[in-house]
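Encoded as C-alpha coordinates, the structure appears first; notes follow it.
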Amino acid sequence: MENPHDIILDSISEGVFTVDSEWHITSFNRAAENITGITREDAVGKLCSYVFRASICESGCALRRTMESGEPIDSMPIYIVRADGVKVPVSISTALLRDSGGTVVGGVETFRDLSVEEDLKRELSKQYRFSDIISRNHRMREIFSLIPTIADSGATVLVEGESGTGKELVCRAIHDMSPRKDGPFVAVNCGALPDSLLESELFGYKAGAFTDARTDRRGRFSIAEGGTILLDEIGDISPALQTRLLRLLQEKTYEPLGSDKTVRADVRVLAATNRNLRKLVDKGEFREDLFYRINVMRIELPPLRERKEDIPLLAEHFLGHYNRLTGKEIREISGSAMAALMSHDFPGNVRELENAIEHAFVLAAGDTILPAQLPEHIRQLSGGSGPSAVGGKLEDIETAALRQALERNGFNRNAAAKELGIHKTTLYRKIRRYGIEIPES
(Lines give C-alpha, C1' and ligand atoms only; values in the text may rest on other atoms or scores of the structure.)
Protein backbone atom coordinates (compact mmCIF):
# COMPACT_ATOMS: atom_id res chain seq x y z
CA MET A 1 0.00 0.00 0.00
CA GLU A 2 1.29 3.43 -0.91
CA ASN A 3 2.58 5.53 1.98
CA PRO A 4 0.10 8.34 2.88
CA HIS A 5 3.10 10.58 3.49
CA ASP A 6 4.20 10.10 -0.15
CA ILE A 7 0.66 10.64 -1.44
CA ILE A 8 0.52 14.01 0.30
CA LEU A 9 3.95 15.08 -0.95
CA ASP A 10 3.12 14.01 -4.52
CA SER A 11 0.05 16.25 -4.52
CA ILE A 12 2.22 19.34 -3.97
CA SER A 13 3.28 21.32 -7.05
CA GLU A 14 6.62 22.30 -5.49
CA GLY A 15 9.57 19.95 -5.32
CA VAL A 16 10.13 18.55 -1.82
CA PHE A 17 12.88 16.35 -0.42
CA THR A 18 13.94 15.44 3.10
CA VAL A 19 17.31 14.39 4.50
CA ASP A 20 18.46 12.62 7.64
CA SER A 21 21.22 13.88 9.94
CA GLU A 22 23.85 12.34 7.62
CA TRP A 23 22.52 14.26 4.56
CA HIS A 24 21.04 11.18 2.89
CA ILE A 25 17.75 11.79 1.06
CA THR A 26 14.84 10.07 2.79
CA SER A 27 11.96 11.24 0.55
CA PHE A 28 11.67 12.81 -2.89
CA ASN A 29 8.29 13.84 -4.31
CA ARG A 30 6.96 13.72 -7.86
CA ALA A 31 7.48 17.46 -8.49
CA ALA A 32 11.12 17.04 -7.43
CA GLU A 33 11.45 14.28 -10.03
CA ASN A 34 9.98 16.50 -12.74
CA ILE A 35 12.15 19.53 -11.92
CA THR A 36 15.45 17.66 -11.50
CA GLY A 37 14.91 14.88 -14.04
CA ILE A 38 15.95 12.33 -11.39
CA THR A 39 13.65 9.51 -10.28
CA ARG A 40 12.73 8.88 -6.67
CA GLU A 41 14.42 5.49 -6.82
CA ASP A 42 17.70 7.08 -7.91
CA ALA A 43 17.48 9.87 -5.30
CA VAL A 44 16.45 8.18 -2.04
CA GLY A 45 19.45 7.01 -0.04
CA LYS A 46 21.91 9.24 -1.93
CA LEU A 47 23.67 12.30 -0.53
CA CYS A 48 21.58 15.39 -1.33
CA SER A 49 24.59 17.18 -2.90
CA TYR A 50 24.85 14.34 -5.42
CA VAL A 51 21.21 14.55 -6.42
CA PHE A 52 20.32 18.19 -5.88
CA ARG A 53 23.22 19.82 -7.72
CA ALA A 54 22.82 23.47 -6.85
CA SER A 55 24.89 26.62 -7.29
CA ILE A 56 25.30 26.84 -3.48
CA CYS A 57 26.08 23.21 -2.66
CA GLU A 58 29.81 23.84 -2.36
CA SER A 59 29.92 27.43 -1.12
CA GLY A 60 26.96 27.78 1.25
CA CYS A 61 24.33 25.03 1.42
CA ALA A 62 21.06 26.58 2.59
CA LEU A 63 19.86 23.40 4.26
CA ARG A 64 23.16 23.04 6.15
CA ARG A 65 22.81 26.62 7.39
CA THR A 66 19.33 25.80 8.66
CA MET A 67 20.51 22.56 10.31
CA GLU A 68 23.35 24.41 12.05
CA SER A 69 21.51 27.58 13.06
CA GLY A 70 17.95 26.30 13.44
CA GLU A 71 16.75 29.24 11.34
CA PRO A 72 14.58 28.45 8.29
CA ILE A 73 15.33 30.04 4.91
CA ASP A 74 12.49 31.33 2.76
CA SER A 75 12.41 31.75 -1.04
CA MET A 76 16.14 31.93 -1.81
CA PRO A 77 16.75 32.12 -5.59
CA ILE A 78 19.48 29.75 -6.86
CA TYR A 79 20.26 27.48 -9.82
CA ILE A 80 20.23 23.70 -9.88
CA VAL A 81 21.60 21.41 -12.60
CA ARG A 82 19.12 18.90 -14.03
CA ALA A 83 20.07 15.32 -14.84
CA ASP A 84 20.53 16.33 -18.50
CA GLY A 85 22.97 19.11 -17.53
CA VAL A 86 20.57 22.03 -18.06
CA LYS A 87 20.67 24.82 -15.45
CA VAL A 88 17.25 25.58 -13.93
CA PRO A 89 16.45 28.67 -11.82
CA VAL A 90 14.58 27.72 -8.64
CA SER A 91 13.48 29.31 -5.40
CA ILE A 92 14.23 27.22 -2.28
CA SER A 93 12.96 27.18 1.32
CA THR A 94 14.34 25.10 4.18
CA ALA A 95 13.19 23.92 7.61
CA LEU A 96 14.17 21.44 10.34
CA LEU A 97 12.59 18.00 10.81
CA ARG A 98 11.96 16.94 14.41
CA ASP A 99 10.71 13.71 15.92
CA SER A 100 7.82 13.47 18.39
CA GLY A 101 10.18 14.39 21.22
CA GLY A 102 11.37 17.58 19.51
CA THR A 103 14.82 16.25 18.58
CA VAL A 104 16.17 17.36 15.22
CA VAL A 105 16.41 14.32 12.97
CA GLY A 106 16.97 15.96 9.61
CA GLY A 107 15.81 18.73 7.32
CA VAL A 108 13.33 19.47 4.54
CA GLU A 109 13.83 21.60 1.47
CA THR A 110 11.15 22.75 -0.95
CA PHE A 111 11.94 24.25 -4.33
CA ARG A 112 9.91 25.95 -7.04
CA ASP A 113 10.83 26.04 -10.72
CA LEU A 114 11.26 29.68 -11.83
CA SER A 115 11.87 28.90 -15.52
CA VAL A 116 8.49 30.27 -16.63
CA GLU A 117 8.97 33.44 -14.58
CA GLU A 118 12.44 33.90 -16.07
CA ASP A 119 11.06 33.46 -19.59
CA LEU A 120 8.32 36.02 -18.90
CA LYS A 121 10.92 38.43 -17.51
CA ARG A 122 12.98 38.07 -20.68
CA GLU A 123 9.90 38.63 -22.87
CA LEU A 124 9.03 41.73 -20.85
CA SER A 125 12.57 43.01 -21.30
CA LYS A 126 12.25 42.60 -25.08
CA GLN A 127 9.19 44.87 -25.08
CA TYR A 128 11.30 47.70 -23.72
CA ARG A 129 14.37 47.14 -25.89
CA PHE A 130 15.18 49.00 -29.09
CA SER A 131 18.45 47.90 -30.64
CA ASP A 132 20.84 48.12 -27.64
CA ILE A 133 18.73 50.76 -25.84
CA ILE A 134 16.48 49.74 -22.94
CA SER A 135 13.69 51.93 -21.59
CA ARG A 136 10.03 51.90 -20.63
CA ASN A 137 9.91 55.70 -20.24
CA HIS A 138 7.32 57.40 -22.46
CA ARG A 139 9.78 59.99 -23.81
CA MET A 140 12.31 57.33 -24.72
CA ARG A 141 9.65 55.20 -26.38
CA GLU A 142 8.64 58.21 -28.48
CA ILE A 143 12.28 58.42 -29.58
CA PHE A 144 12.21 54.68 -30.38
CA SER A 145 9.24 55.25 -32.68
CA LEU A 146 11.05 58.10 -34.51
CA ILE A 147 14.39 56.37 -35.07
CA PRO A 148 13.35 54.18 -38.06
CA THR A 149 12.00 57.24 -39.93
CA ILE A 150 15.06 59.34 -39.08
CA ALA A 151 17.38 56.48 -40.02
CA ASP A 152 15.80 56.07 -43.44
CA SER A 153 15.87 59.80 -44.22
CA GLY A 154 19.62 60.23 -44.54
CA ALA A 155 19.38 63.61 -42.80
CA THR A 156 22.04 65.00 -40.48
CA VAL A 157 21.01 64.39 -36.86
CA LEU A 158 21.91 66.18 -33.63
CA VAL A 159 21.57 64.08 -30.44
CA GLU A 160 21.64 66.11 -27.23
CA GLY A 161 21.78 64.76 -23.69
CA GLU A 162 23.87 64.64 -20.55
CA SER A 163 26.95 62.42 -20.38
CA GLY A 164 26.00 58.78 -19.92
CA THR A 165 22.47 59.01 -21.35
CA GLY A 166 23.26 56.76 -24.33
CA LYS A 167 23.81 59.21 -27.18
CA GLU A 168 26.20 56.89 -29.02
CA LEU A 169 23.76 53.98 -28.67
CA VAL A 170 21.05 56.08 -30.35
CA CYS A 171 23.44 57.04 -33.16
CA ARG A 172 24.43 53.41 -33.66
CA ALA A 173 20.75 52.45 -33.84
CA ILE A 174 20.20 55.14 -36.51
CA HIS A 175 23.13 53.76 -38.52
CA ASP A 176 22.05 50.13 -38.09
CA MET A 177 18.54 50.90 -39.40
CA SER A 178 19.69 53.12 -42.26
CA PRO A 179 20.45 52.24 -45.91
CA ARG A 180 24.13 52.65 -44.91
CA LYS A 181 24.00 49.84 -42.35
CA ASP A 182 26.46 47.70 -44.32
CA GLY A 183 29.01 50.53 -44.35
CA PRO A 184 31.29 51.50 -41.45
CA PHE A 185 30.19 53.33 -38.32
CA VAL A 186 32.98 55.60 -37.07
CA ALA A 187 32.73 57.51 -33.80
CA VAL A 188 35.07 60.41 -32.99
CA ASN A 189 35.19 62.09 -29.57
CA CYS A 190 35.83 65.70 -30.57
CA GLY A 191 36.38 66.77 -26.97
CA ALA A 192 39.21 64.30 -26.34
CA LEU A 193 41.77 65.81 -28.75
CA PRO A 194 43.35 69.26 -29.14
CA ASP A 195 42.25 71.16 -32.22
CA SER A 196 45.38 70.49 -34.31
CA LEU A 197 45.24 66.74 -33.75
CA LEU A 198 41.48 66.57 -34.25
CA GLU A 199 41.74 68.20 -37.67
CA SER A 200 44.26 65.62 -38.90
CA GLU A 201 42.23 62.85 -37.23
CA LEU A 202 39.10 63.85 -39.11
CA PHE A 203 40.53 64.77 -42.53
CA GLY A 204 43.80 62.83 -42.66
CA TYR A 205 47.06 64.19 -44.01
CA LYS A 206 49.65 63.79 -46.76
CA ALA A 207 53.30 62.96 -46.14
CA GLY A 208 55.22 66.16 -45.35
CA ALA A 209 52.15 68.08 -44.12
CA PHE A 210 54.01 68.61 -40.85
CA THR A 211 57.28 67.51 -39.21
CA ASP A 212 56.27 63.98 -38.13
CA ALA A 213 54.08 63.23 -41.17
CA ARG A 214 56.34 60.73 -42.93
CA THR A 215 53.56 58.83 -44.72
CA ASP A 216 50.02 59.54 -45.88
CA ARG A 217 47.31 58.84 -43.32
CA ARG A 218 43.57 58.43 -43.92
CA GLY A 219 41.23 60.50 -41.79
CA ARG A 220 38.04 59.35 -40.12
CA PHE A 221 35.89 60.77 -42.92
CA SER A 222 37.78 58.59 -45.38
CA ILE A 223 37.44 55.53 -43.14
CA ALA A 224 33.68 56.17 -42.81
CA GLU A 225 33.20 56.35 -46.61
CA GLY A 226 29.86 54.81 -47.56
CA GLY A 227 28.78 54.71 -43.92
CA THR A 228 28.19 57.00 -40.97
CA ILE A 229 30.44 59.21 -38.85
CA LEU A 230 29.48 60.33 -35.35
CA LEU A 231 31.02 63.61 -34.19
CA ASP A 232 30.63 63.20 -30.45
CA GLU A 233 30.90 66.27 -28.18
CA ILE A 234 30.73 68.53 -31.24
CA GLY A 235 30.11 71.52 -28.97
CA ASP A 236 33.77 71.42 -27.92
CA ILE A 237 35.35 72.09 -31.35
CA SER A 238 37.09 75.37 -32.17
CA PRO A 239 35.70 78.08 -34.51
CA ALA A 240 38.34 77.24 -37.15
CA LEU A 241 37.33 73.58 -37.25
CA GLN A 242 33.67 74.57 -37.24
CA THR A 243 34.34 76.39 -40.51
CA ARG A 244 35.91 73.28 -42.11
CA LEU A 245 33.00 71.12 -41.00
CA LEU A 246 30.50 73.61 -42.39
CA ARG A 247 32.14 73.41 -45.79
CA LEU A 248 32.10 69.63 -45.71
CA LEU A 249 28.39 69.55 -44.85
CA GLN A 250 27.55 72.14 -47.50
CA GLU A 251 29.70 70.89 -50.36
CA LYS A 252 30.33 67.26 -49.32
CA THR A 253 34.06 67.79 -49.96
CA TYR A 254 37.27 68.31 -47.96
CA GLU A 255 41.05 68.37 -48.38
CA PRO A 256 43.43 66.28 -46.26
CA LEU A 257 46.10 68.37 -44.53
CA GLY A 258 48.97 69.14 -46.89
CA SER A 259 46.96 68.24 -50.00
CA ASP A 260 45.70 70.48 -52.78
CA LYS A 261 43.28 67.83 -54.05
CA THR A 262 39.63 67.91 -53.08
CA VAL A 263 38.12 64.67 -51.84
CA ARG A 264 34.40 63.97 -52.11
CA ALA A 265 32.80 62.64 -48.92
CA ASP A 266 30.04 60.05 -49.18
CA VAL A 267 29.37 59.98 -45.45
CA ARG A 268 26.31 60.58 -43.30
CA VAL A 269 27.09 62.88 -40.39
CA LEU A 270 25.58 62.43 -36.94
CA ALA A 271 26.50 64.81 -34.12
CA ALA A 272 26.14 64.47 -30.36
CA THR A 273 26.77 66.82 -27.46
CA ASN A 274 26.19 67.14 -23.73
CA ARG A 275 26.05 70.93 -24.13
CA ASN A 276 23.16 73.14 -25.22
CA LEU A 277 24.24 74.23 -28.71
CA ARG A 278 21.47 76.80 -28.98
CA LYS A 279 22.90 78.62 -25.95
CA LEU A 280 26.42 78.35 -27.39
CA VAL A 281 25.15 79.98 -30.59
CA ASP A 282 23.53 82.79 -28.60
CA LYS A 283 26.86 83.40 -26.79
CA GLY A 284 28.78 83.43 -30.08
CA GLU A 285 30.72 80.25 -29.23
CA PHE A 286 29.22 78.10 -31.98
CA ARG A 287 28.53 79.05 -35.59
CA GLU A 288 24.82 79.55 -36.22
CA ASP A 289 25.05 78.32 -39.82
CA LEU A 290 26.80 75.11 -38.68
CA PHE A 291 24.20 74.66 -35.97
CA TYR A 292 21.40 74.68 -38.53
CA ARG A 293 23.34 72.27 -40.77
CA ILE A 294 23.66 69.64 -38.07
CA ASN A 295 20.28 70.34 -36.46
CA VAL A 296 18.16 69.05 -39.35
CA MET A 297 16.75 66.39 -37.03
CA ARG A 298 17.18 66.73 -33.26
CA ILE A 299 16.84 64.09 -30.57
CA GLU A 300 16.99 65.09 -26.91
CA LEU A 301 17.67 62.23 -24.48
CA PRO A 302 16.20 62.69 -20.97
CA PRO A 303 18.52 62.14 -17.99
CA LEU A 304 18.02 59.05 -15.83
CA ARG A 305 16.65 61.15 -12.94
CA GLU A 306 13.69 62.02 -15.19
CA ARG A 307 12.99 58.38 -16.09
CA LYS A 308 13.49 56.56 -12.81
CA GLU A 309 11.08 53.85 -13.88
CA ASP A 310 13.99 52.64 -16.05
CA ILE A 311 16.33 52.05 -13.10
CA PRO A 312 15.02 48.54 -12.18
CA LEU A 313 14.91 47.54 -15.86
CA LEU A 314 18.47 48.73 -16.52
CA ALA A 315 19.78 47.29 -13.25
CA GLU A 316 18.39 43.85 -14.17
CA HIS A 317 19.98 44.18 -17.61
CA PHE A 318 23.40 44.97 -16.11
CA LEU A 319 22.92 42.15 -13.59
CA GLY A 320 22.59 39.67 -16.45
CA HIS A 321 25.48 41.26 -18.34
CA TYR A 322 27.94 40.95 -15.46
CA ASN A 323 26.74 37.45 -14.62
CA ARG A 324 27.70 36.40 -18.13
CA LEU A 325 30.94 38.39 -18.03
CA THR A 326 32.17 37.15 -14.65
CA GLY A 327 30.64 33.67 -14.48
CA LYS A 328 28.92 34.57 -11.21
CA GLU A 329 25.30 33.66 -10.46
CA ILE A 330 23.95 36.70 -8.67
CA ARG A 331 20.21 36.34 -8.93
CA GLU A 332 18.73 39.59 -7.70
CA ILE A 333 19.08 43.04 -6.21
CA SER A 334 17.57 43.23 -2.73
CA GLY A 335 14.62 45.55 -2.14
CA SER A 336 16.68 47.83 0.09
CA ALA A 337 19.50 48.02 -2.47
CA MET A 338 17.02 48.83 -5.22
CA ALA A 339 15.49 51.52 -3.01
CA ALA A 340 18.94 53.08 -2.62
CA LEU A 341 19.37 53.07 -6.40
CA MET A 342 15.93 54.59 -6.91
CA SER A 343 16.73 57.35 -4.39
CA HIS A 344 19.87 58.43 -6.23
CA ASP A 345 19.71 61.10 -8.96
CA PHE A 346 22.54 59.59 -11.07
CA PRO A 347 24.33 62.67 -12.41
CA GLY A 348 26.38 60.21 -14.49
CA ASN A 349 23.12 58.68 -15.79
CA VAL A 350 23.06 55.14 -17.23
CA ARG A 351 26.86 54.90 -17.24
CA GLU A 352 26.94 55.65 -13.49
CA LEU A 353 24.23 53.04 -12.84
CA GLU A 354 26.24 50.42 -14.73
CA ASN A 355 29.34 51.32 -12.72
CA ALA A 356 27.33 50.95 -9.49
CA ILE A 357 26.19 47.44 -10.47
CA GLU A 358 29.74 46.47 -11.48
CA HIS A 359 31.00 47.78 -8.12
CA ALA A 360 28.41 45.65 -6.31
CA PHE A 361 29.41 42.59 -8.35
CA VAL A 362 33.00 42.88 -7.18
CA LEU A 363 31.92 42.93 -3.51
CA ALA A 364 28.95 40.53 -3.65
CA ALA A 365 29.60 37.29 -1.77
CA GLY A 366 26.20 35.63 -2.10
CA ASP A 367 23.54 35.56 -4.79
CA THR A 368 21.88 38.86 -3.84
CA ILE A 369 23.20 42.41 -4.14
CA LEU A 370 22.83 44.21 -0.80
CA PRO A 371 22.99 47.96 0.00
CA ALA A 372 26.42 47.58 1.64
CA GLN A 373 27.86 46.46 -1.71
CA LEU A 374 26.78 49.61 -3.58
CA PRO A 375 29.12 52.60 -3.91
CA GLU A 376 29.27 54.63 -0.70
CA HIS A 377 27.84 57.84 -2.19
CA ILE A 378 24.70 55.95 -3.29
CA ARG A 379 24.30 54.31 0.15
CA GLN A 380 24.66 57.65 1.93
CA LEU A 381 22.07 59.39 -0.22
CA SER A 382 19.54 56.60 0.29
CA GLY A 383 18.83 57.91 3.79
CA GLY A 384 19.03 54.56 5.54
CA SER A 385 18.08 51.04 4.66
CA GLY A 386 15.50 50.11 7.27
CA PRO A 387 12.36 48.39 6.00
CA SER A 388 10.01 51.26 6.80
CA ALA A 389 12.22 53.89 5.17
CA VAL A 390 12.73 51.77 2.09
CA GLY A 391 9.09 50.90 1.73
CA GLY A 392 8.07 54.54 2.00
CA LYS A 393 10.53 55.62 -0.66
CA LEU A 394 9.50 52.96 -3.12
CA GLU A 395 5.83 53.81 -2.57
CA ASP A 396 6.53 57.52 -3.08
CA ILE A 397 8.43 56.83 -6.30
CA GLU A 398 5.77 54.47 -7.66
CA THR A 399 2.93 56.82 -6.66
CA ALA A 400 4.64 59.75 -8.42
CA ALA A 401 5.26 57.66 -11.56
CA LEU A 402 1.63 56.52 -11.68
CA ARG A 403 0.27 60.03 -11.11
CA GLN A 404 2.54 61.52 -13.81
CA ALA A 405 1.49 58.85 -16.33
CA LEU A 406 -2.17 59.52 -15.56
CA GLU A 407 -1.71 63.29 -15.93
CA ARG A 408 0.12 62.87 -19.26
CA ASN A 409 -2.80 60.83 -20.56
CA GLY A 410 -5.54 63.12 -19.29
CA PHE A 411 -6.35 60.58 -16.54
CA ASN A 412 -7.33 58.01 -19.15
CA ARG A 413 -6.48 54.87 -17.16
CA ASN A 414 -6.33 52.54 -20.15
CA ALA A 415 -3.89 54.84 -21.97
CA ALA A 416 -1.78 55.30 -18.83
CA ALA A 417 -1.61 51.52 -18.28
CA LYS A 418 -0.49 51.03 -21.88
CA GLU A 419 2.25 53.67 -21.51
CA LEU A 420 3.48 52.09 -18.27
CA GLY A 421 3.47 48.63 -19.81
CA ILE A 422 1.15 47.13 -17.17
CA HIS A 423 -2.32 45.59 -17.34
CA LYS A 424 -5.17 48.00 -16.67
CA THR A 425 -6.39 45.95 -13.68
CA THR A 426 -2.93 46.29 -12.14
CA LEU A 427 -3.13 50.07 -12.58
CA TYR A 428 -6.62 50.18 -11.03
CA ARG A 429 -5.36 48.18 -8.03
CA LYS A 430 -2.38 50.50 -7.54
CA ILE A 431 -4.61 53.60 -7.83
CA ARG A 432 -6.76 52.25 -5.00
CA ARG A 433 -3.73 51.15 -2.95
CA TYR A 434 -2.03 54.56 -3.09
CA GLY A 435 -5.24 56.58 -2.88
CA ILE A 436 -4.65 58.43 -6.15
CA GLU A 437 -7.60 60.67 -6.91
CA ILE A 438 -9.01 60.64 -10.44
CA PRO A 439 -10.79 63.91 -11.40
CA GLU A 440 -14.39 63.53 -12.48
CA SER A 441 -14.80 63.96 -16.23
Can you sort 53, 220, 351 by solvent-accessible area, 1.4 Å probe, largest first? 351, 53, 220
Those aspartates and glutamates that a straight Cα-Cα span of less than 17 Å connects to residue 424, excepting residues fewer than 8 apart in one chain: 398, 407, 437
Could you tell me the accessible area of residue 200 in Å² (1.4 Å probe, neighbours in place), rounded to the nearest ten? 10 Å²
Nearest-0.05 FRET efficiency for residue 100 and residue 306, computed from C-beta distance (R0 56 Å): 0.35
Under 26 Å from the Cα of residue 328 - lysines, other chains or at least 8 residues apart: 87, 121, 126
Taking the full set of protein chains and a 1.4 angstrom probe, give the accessible area of residue 42 in square angstrom, rounded to the nearest 10. 90 Å²
The simple spin-label model distance between residue 296 and residue 404, using points 7 Å out along Cα→Cβ, in nm, is 3.3 nm
Counting only heavy atoms of the protein chains, get the accessible area per residue of the chain (1.4 Å probe) and round it to a whole Å² value. 52 Å²
FRET efficiency for residue 216 and residue 155, Cβ-Cβ distance as r, R0 = 25 Å, nearest 0.05? 0.20
Under a cut-off of 17 Å between alpha-carbon atoms, report the lysines in cross-link reach of residue 206, not counting same-chain residues fewer than 8 places apart. 261
Label segment 222-330 by shape, choosing from rounded, prolate and oblate, from the square roots a ≥ b ≥ c of the eigenvalues of the Cα gyration tensor; if a/c is under 1.5 it is rounded, and otherwise prolate applies when a/b is larger than b/c, oblate when it is not. oblate
Nearest 10, in degrees from 0 to 90: the angle of helix 349-363 to the longest Cα principal axis of the chain is 40 degrees
Distance (nanometres) between label positions extended 7 Å along Cα→Cβ at residue 415 and residue 329: 4.8 nm
Just to confirm the number: angle between the C-alpha axis of helix 167-176 and the first principal axis of the chain, 0 to 90 degrees, nearest 10? 80 degrees
Rounded, prolate or oblate: pick one for segment 330-370, where a ≥ b ≥ c are the square roots of the eigenvalues of its C-alpha gyration tensor, a/c under 1.5 means rounded, and failing that, prolate if a/b is larger than b/c, else oblate. oblate
For residue 33, tell me the accessible area in Å² from a 1.4 Å probe, rounded to the nearest 10. 40 Å²
Full extension between residue 278 and residue 436 adds, at 0.36 nm per residue less the Cα distance, a length in nm of 53.0 nm
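Could you calculate the FRET efficiency of residue 351 with residue 238 from 1/(1 + (r/R0)^6), where r is the beta carbon distance between them and R0 is 45 Å, rounded to 0.05?
0.95
The values are calculated or read from the model by the stated rules, or taken from the named source; none is laboratory data. Bear in mind that the values here come from a model prediction, so they are computed numbers and not experimental data. Cβ: placed from backbone, ideal geometry, glycine included. Neighbour counts: every protein chain shown. Note: areas computed on protein heavy atoms with side chains; ligands, DNA, RNA excluded. Shrake-Rupley method; radii C 1.70, N 1.55, O 1.52, S 1.80 Å.
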